[in-house]
Amino acid sequence: MSKTIPSQPQAFEPEFIAGLKSIFEEKIVFNQVLGLKITALAPDGVVGRIDMKPDLVGHYAYNRIHGGVISAGLDAMGGLAVMAAIGAKHLDEPPEQRLHRFAKLGTIDLRIDYLRPGIGSHFELRAQVLRLGSRVATTRMEFLGPDGQIMSAGAAAYIVS
């Protein structure tokens, strides 16, 4: 018996990417407060970036980023990964129709492990969906420093219906 090798996930259309970026970076105003920007968007994972700024300092003596920023950023990225996975699952629909599927998305469980102090000029956030069910999606997220070293790790569950 031969095994079929899974193909690479199909890329998103420019209209879908623009719409998802608009929702994430403009319509979710808290993401603007964090300075959270999408740097990569694919069906199998997403990447974002936060540039350090004085408003995000949690410990003034060390210029360390606030743990709440890390938590909120990873939660947002986990949600974005779920949006991307839902968008990929329904590629047969037009981009506009897929973008309306995110209305009921919400966090139901979030765990963050703070592994190292969040000190740096900028941070990279990564997320991927481990399982997309009909009602719940499970994700894994990472918060990385400028040198690529992992500073925090997260896991979350999201309601999708």
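Values as computed for the structure displayed
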| item | result |
| --- | --- |
| Of [x] 16.2, 63; [y] 19.0, 64; [z] 14.8, 47, the label for Rg and Dmax of the Cα atoms in Å derived from the coordinates | [x] |
| Within the chain, helix-based [θ] at 222 nm, where runs of 4 or more DSSP H residues each add -39,500 (n - 2.57), nearest 500 | -8000 deg cm²/dmol |
| Whole-number percent relative contact order across the chain, with pairs defined as alpha carbons under 8 Å at least 6 apart | 23 |
| Inter-part distance where the stretch 110-161 and the stretch 19-36 are each reduced to a Cα centre, Å | 17 |
| Low-density loop positions, chymotrypsin sites (Phe, Trp or Tyr not before Pro), the stretch 10-73 - DSSP coil, at most 11 other Cβ in 10 Å | Y60, Y62 |
| Amide proton proximity set for V136, modelled H, under 5 Å, gap of 5+ | V160 |
| Carbon + sulfur, % of accessible area of the stretch 1-113 - ligands and nucleic acids excluded, 1.4 Å | 54 |
| Partners for K89 among aspartates and glutamates (Cα-Cα distance below 14 Å; same-chain residues under 8 apart left out) | E13, D44 |
| Rounded to whole Hz, the Karplus (6.51, -1.76, 1.60) HN-Hα couplings of the stretch 79-92, x for glycine and proline | x, 5, 4, 5, 4, 5, 5, 5, x, 6, 5, 10, 4, 6 |
| Per residue accessible area in Å² of the stretch 73-130, where ligands, DNA and RNA are left out and the probe is 1.4 Å | 51 |
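The values are calculated or read from the model by the stated rules, or taken from the named source; none is laboratory data. Remember, it's a predicted structure, so these values are computed and weren't measured experimentally. When we count neighbours, we look across all protein chains shown, and the Cβ atoms used for this are built from the backbone with ideal geometry, even at glycine. These area figures cover heavy atoms from the full protein model, side chains too; ligands, DNA and RNA do not enter into them. Shrake-Rupley method; radii C 1.70, N 1.55, O 1.52, S 1.80 Å.
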